[in-house]
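Here is the structure we will look at, set down as structure tokens.
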Amino acid sequence: MNWTPTHFPAAMRSLSPSTRAKAIEIANTLLLGGESDRQQVIEQSIAEARVWARTTQREPVARPAFVFPQH
């Protein structure tokens with residue numbers, strides 16, 4: 001059984017949508033690869049998705065720290 005964005009383990013509920021999607025992708029890949037311990041699959045996919053989220057954060061938009069008022 002594959003997990004989807006609307007049907008996933010409760011342990012993934014607290015993840016952001018993008019991190020959850022990555023965790024689901026990883027979990028499904030592990031299951032297709034023959035991993036049978038579902039609890040281990042869930043734990044591993046969450047851990048790997050969190051690492052992925054930390055390493056793929058977007059660069060912040062550069063904004064001026066302060067704009068002087070025009071006189």
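Brief remarks on what is shown
- Label-point gap, in nm, between Ala11 and Arg38 - each point 7 angstrom along Cα→Cβ: 1.2
- When the range 13-55 is reduced to its Cα atoms, the Kirkwood hydrodynamic radius in Å: 10.1
- By average C-beta atoms within 10 angstrom, highest first, the peptides 26-34, 38-46, 11-19: 38-46, 26-34, 11-19
A short reminder: the numbers here are calculations on the coordinates, not readings from a lab. Worth saying up front: this structure is predicted, and the values here are computed from it rather than measured. No Cβ is skipped: glycine too gets one built from the backbone with ideal geometry, and neighbour counts run over all protein chains shown.
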